[in-house]
Amino acid sequence: MSLSFFDSNMLSALIRIALTTGTILGVIVYLMVWAERRVSAFIQGRLGPNRVGPLGLLQGLADGVKFIFKEELMPSEANKFLFLLAPFAAVLPAILAFAPVPYGMKIIDGNVVPAAIANLDVGVLFVLSVTSLGVFSIILGGWASNSKYPVLGGLRAAAQVISYEIPMGLAIMAVLLVAGTTNLTEIVQLQSEGAWFVLICPIGFLIFVVSIFAETNRLPFDMPEGETEIIGFHAEYSSMKFAMFFMAEYANMVTASCIAVLLFLGGWEFLPFVSWSKLSAVAGVSIYEQGFWWLLPVAWFMAKVSFVLILFIWVRWTLPRFRYDQLMRLGWKKLIPLSLLNIVITMLIVMWVV
Amino acid sequence: MPLLWMTLLPFLGSIALGTRYIIAPQKKNMLYPVLSCLVLLVSFVLAIGMAFSVLGSEEVIVFDIGSWMSAGTYNFRARLYLDSLSSILTLLVTGIGFLVHLYSLGYMHEDPKVIKYFSYLNLFCGFMLVLITASSLPLLFVGWEGVGLCSFLLIGFWYQDQEKSFAGRKAFIVNRIGDAAFILAMALALHAFGSLEFSAISPIASVTHEHFAYHSIGNIEWIAILLFIGCMGKSAQFPLYLWLPDAMAGPTPVSALIHAATMVTAGVYVLGRCSALYASAPMASHIVTIVGIFTAFFAATVAIFQNDIKKVLAYSTVSQLGFMVLAMGVGAYAAGIFHLVTHAYFKGLLFLGAGSVIHGMHHEQDIRRMGGLKSRMVATTVTFMIGYLAIIGFPLMSGFFSKDHILHHVSLTGNAWYFIIVLLSALLTALYMTRLIALVFLGSNTRISLVKAQKIHESPNVMLIPLWILAFLSIVGGWKFFSFYPVLEKLFPTHAHGHALWHMTETSVAIISSVLVLLVAGFSMRYFLKAPVVIDKTPSSLEIAGQRQWYVDESLMQFGRYAMASLSKISNFIEKIIVDGLIGNIKFVVMSFARGLSAMVTGIPQSYVFFLLLGIVFIIYFSIGM
Amino acid sequence: MIVPLDHVLLVSFALFLIGLVGLFLRKDALTIFLCVELLLNAANVAFVGVARSIGDVTGHVVVLIVIAVAAAEAAIGLSIVIRLHQNKKPLEVQKLNELKG
Amino acid sequence: MEYLFYTFSGLAILFSLGVVFARNPIYSGLSLVTTLFFVSGIFVLLHAPFIGVLQILVYTGAIMVLFLYVMMLLNIQEEQIVGTRKHLMKWMHLPLIVVIFFIFKSLILVPTFSDIPVDEKFGSVFNVGESLLGSYVLVFEIASIVLLAAMIGVVVLTKKTQKEKP
């Protein structure tokens, strides 16, 4: 279904790509920026932007315009080509990772059609590999600005991202152990019948969440930016390029949370043991087949993703920033052994339970 | 069982004395030598007991020791076998052995290592008995080697003296040469006859010509010749007689027993034992005869010029052995063995007499320094004179009968030259024996230094008794009742009689020979008594040559040294050129090859990749390209 | 997908050749490493191509192993390069030939 | 779909040329990364999705990151491809021969293979995983040992011994 669908009609593929990237980059990232400022203000007891447009919704637009008009600075002797390449290298993997993510499902004349750009059989692995490409942008960004601090900042950030990739990978392995397949749609279907995977391996979920914070350089792991005390890799960037990095970060967050929801929180299923098919049986209308009913699970999926996103923001403004060696120690000495242990535990569970 | 005990007893005796000697070599105790004499006496009595039943009759005593070796299909069974021939010899060995033991009680009295001496002597008798009673060649060979060993030990008894120990070694080595031939003979016999038992090789009793018919004549000839070479070594025939004169370095009783009566006769015994073999090997017998005759004549000529009393007797032994061997060659086996027996008597007597002379003269051996001992050592002189008469073949003495039989058989062969030379050597025997008698006993004792003259004393009785017994035997040995000749005659196959030389009968030969002998004895007696013996006059070149055995000994030893030198030169050449040359060069080849290879390692990775690529190309080409 | 096998092999061979040329051409250690990686990839392409045409998954297993080994090799190679750099040694391969025969 | 394969391979070859002839090692590193992308694309087109993804995950994601990391760490300057012609020619003639030889060989040899229709699940994770841990489990274990050895080697090589500590 995967590749044949793709090459059957190029047009539908293009439409889907445009649709998803547009919503992510445009709507979700925009809302995220707004939400970030609102929630952080709320946590700090202040209102946050509410002047520009209702509830400050248009604040993002204002910032965007500000960024566009900022002066394009380019450090001298900087490696022009690489300097420009870095921001794109950041955004590209973020969007690419969203390709296999199914946000809904529709049963057309019997066979399941996941609402995703490409229903990849190797979905999970694809996501993993693409997220690992993010590191390139960090390194290039740092190195291209041709000054000592960004280079060191970049290398530091890269080291952090790489070392947290391992616990994330192992956590996902644990889930794959239970699921038995790497196709995201099938994983969600499995969770619809049985329990959500977060119930089966909670430790896995915990590790996954911690490591995606690190992957996206979000607080408490935002060493690369580190506005206050340490110079991050994109110190030399300004205006549009900086905005690109910023956008890439948020896109990464969205993708990571979608994966978290899909793998652990049962995707677009209603409740742990209450799946939409059960509800449809109760409600008498089959949600996935008829008309637009399949959009209900999609909306439910969006709600879950936003919950995780809020979690991101919430954590950012509550936890203090890690020092670099604490951060690395947590990653290598704590998380990786824990994730290995988690795999062993899930293996035992799988053997007994399933 | 008596046969086993007879052979075993001397061994036990020697072992007892040996352990006693090892435990306390210093403490001298005459009890043990007496014990060894008793042992020999018991063996002698046993021998006599068995002799009564065996001699003259077809009956044979056999004692089976057990299976000794099993090699593939053939397994040797060690068996003792006593027929009339070997019983005669056992009598001889044990009898004379006992007498010599008795004699050496007196002779070796002062020697510190007397116990060791007697243990060796017992060991020797034991091995000799094994040799004689063996039923097969390997067991005989055991005795053969044992006897050789004991002769080495006894000759080199006073090993502190370098020259004596060298004599012992020489005896052993020369014997070894003979033994080598003996082993080859055994091998060939095993191959040809399939078994080494005497009954298979040469059954004495029933000689049937067809027995040897289906064996290739070449085999039989070669076995006979090789056996004879073995006997030459042991019985001191011409080329291998070197060791006997030097063997005189040993104590005199040893010479008496080993080098006169028993060991040297072993070779002749073997010829006798394999007489059927030699009877059907004309060429081998011919060789035996020639060697025998030459040895007899040669040794006799040398004996004339010897000045040491024991050397004279040694050469006379060699010459008498020559007589026995030529008798065997001619086919007169009975006469040969009979001469062996009588020779044992008078030669034993002569040696023991010489021993008591040396004992009396306090180890003076040069006959030119002796003279007129008749007044001082009457008993020795009388017995010695009897021995002298026996050896020159004085009528009615034992020597006369045995020598006469040999002469008769030689004449039967029809070969004039043989007869003349044998007769001549008999006359020479008379000559050197008379010279010996004249110089030692009869002449005036002016030549002895005054100091030594007083101290000459007669040997103690224990040494004289054996002398008297042997003297009696020398006289009686030939007579009808005592002689073994009729027994032997019955034993051996009759030889085809050729027409007698100048159709002489036995008695006519006897008469001629005894007349000539007496003439020679008379003239030489008169000559030697008259001729002034000057010790330090320069000997004429003839005398020197004679003394030095016509330089045969030196030339042979020289030849030995030369052979060894050239051998070592050859091997040295081989080693230097071939071994060093080749291996040395390999080193260079490998080095150059290695240097070539090391150039490949340039340290630059690219060059390694280059060679890697080369490899890939070759692999591809060979796997696909073909 | 009907990509004839000899085209795939041709592509892999082209990559192999370029890697080879690079190997001989470049001087400094790191670039040579890259060329080696290129060679390995060329081999992988060939493996996958043949696996596809004879329908046997073994080719993929081999590729996996090749990737693992490449990872190990890169790790070791790079740590050696770092060591060289620390000891102030030149990185040009020609100069690093103490291991001469 | 064949054009996709040819575009991918064309671009791959193009960028691999970039690897070889780029002046700055960083550029050659990056061009190798793009080549790897296209190669993984080829893999996917040849019914090996698992290998393709893995290629990106392991090769590009880890090894190339390492390479770039080291290159930037060591701050390597540009290298003049000077005297390439001399240098080139000295070593070049042999590979050329090999090239020509190979082309002929492969053209002659290859048609012997027949294209077998392959089912949907051919290169999937399941199939490859099954054979990897099925008949080739020993190979899998050996690969793990090789990686372990490499890890230990790296640690030993890069650990600063006492005397070297600044």
### Query
Would you call residue C:49 crowded, with 21+ Cβ neighbours inside 10 Å, at the interface with chain D (Cβ under 7 Å from one of its Cβ atoms) and assigned to a helix (DSSP H, G or I)?
yes
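Each row is one residue, and each column tells you yes or no for (1) over 15 Å from residue A:122 (Cα atoms); (2) more than 7 Å from every other protein chain (Cβ to nearest Cβ); (3) surrounded by fewer than 24 Cβ atoms within 10 Å (Cβ to Cβ).
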site: D:31; (1), (2), (3): yes, yes, yes
site: D:43; (1), (2), (3): no, no, no
site: D:52; (1), (2), (3): no, yes, no
site: D:59; (1), (2), (3): yes, no, no
site: D:62; (1), (2), (3): yes, no, yes
### Task
Hey, could you check the stretch C:23-45 for residues that are part of a helix (DSSP H, G or I) and modelled with pLDDT under 85 and say which is surrounded by the most Cβ atoms within 10 Å (Cβ to Cβ)?
C:23
### Residues that are buried (at least 24 other Cβ atoms within 10 Å of the Cβ), out of contact with any Ser or Thr (no Cβ under 9 Å at 6 or more places or on another chain) and facing chain D (nearest Cβ under 9 Å), drawn from the stretch A:114-154
A:135, A:139, A:140, A:142, A:143
### Query
Residues in the stretch C:11-46 that are over 23 Å from residue C:76 (Cβ atoms) and more than 7 Å from chain D (Cβ to nearest Cβ): how many?
2
### Task
Can you confirm whether the stretch D:138-147 contains a residue that is modelled with pLDDT under 65, within 24 Å of the chain's Cα centre (by Cα) and in a helix (DSSP H, G or I)?
no
### Message
One residue is enough: does the stretch A:260-283 have a residue meeting the conditions farther than 16 Å from residue A:191 by Cβ and modelled with pLDDT of 85 or more?
### Response
no
### Query
Is there a residue being modelled with pLDDT of 90 or more and not aromatic (Phe, Trp, Tyr) anywhere in the stretch C:86-96?
no
### Task
Considering only residues that are among the basic types (Lys, Arg) and exposed (fewer than 11 other Cβ atoms within 10 Å of the Cβ), look in the stretch A:40-69 and name the one that is farthest from residue A:240 (Cα to Cα).
A:46
### Query
How about the stretch D:8-81: which helices (runs of 4 or more DSSP H) wholly inside it have at least 3 residues that are over 25 Å from residue D:151 (Cβ atoms) and in contact with a helix residue (DSSP H, G or I) (Cβ under 6 Å, 6 or more places away or on another chain)?
D:25-45
### Task
Would you check if there is a residue in the stretch B:497-508 being part of a helix (DSSP H, G or I), modelled with pLDDT of 75 or more and more than 30 Å from residue B:527 (Cβ to Cβ)?
yes
### Query
If you scan the stretch A:70-83, which residues turn out to be at pLDDT 80 or above and exposed (fewer than 14 other Cβ atoms within 10 Å of the Cβ)?
A:81
### Task
Kindly check whether there is at least one residue in the stretch A:48-64 that is under 28 Å from residue A:301 (Cα atoms) and among the basic types (Lys, Arg).
no
### Hits in the stretch C:56-83 - residues which are in contact (Cβ under 8 Å) with a residue 12 or more places away in the chain and more than 7 Å from every other protein chain (Cβ to nearest Cβ)
C:59, C:62, C:66, C:73, C:77
### Query
Looking at (1) part of a loop (DSSP other than H, G, I, E, B); (2) touching a Leu at 6+ places or on another chain (Cβ under 6 Å), can you tell me which one residue B:375 breaks?
(2)
### Task
Being touching an Asp or Glu at 6+ places or on another chain (Cβ under 7 Å) and part of a helix (DSSP H, G or I) is the filter here, so list the residues in the stretch B:304-342 that pass it.
B:305, B:334
### Query
Say we look at the stretch B:570-615 and pick out the residues that are at the interface with another protein chain (Cβ under 10 Å from one of its Cβ atoms) and hydroxyl-bearing (Ser, Thr, Tyr); which of these is nearest to residue C:19 (Cα to Cα)?
B:607
### Message
Considering only the stretch B:394-403, I want to know if a residue exists there that is assigned to a helix (DSSP H, G or I) and more than 17 Å from residue B:509 (Cβ to Cβ).
### Response
yes
### Task
Select from the stretch A:282-294 the residues that are over 17 Å from residue A:192 (Cβ atoms) and not in a loop (DSSP other than H, G, I, E, B) and list them in ascending order.
A:291, A:292
### Query
If you check B:569, B:537, which single one turns out to be over 32 Å from the mean Cα position of the chain (by Cα), at pLDDT 75 or above and not polar (S, T, N, Q)?
B:569
### Query
Looking at residue B:426, is it in contact with a helix residue (DSSP H, G or I) (Cβ under 7 Å, 6 or more places away or on another chain) and at pLDDT 85 or above?
yes
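The values are calculated or read from the model by the stated rules, or taken from the named source; none is laboratory data. Keep in mind that what you see is a predicted model, and the values were worked out from it rather than measured. Neighbour counts run over all protein chains shown; Cβ positions are idealised from the backbone, glycine included.
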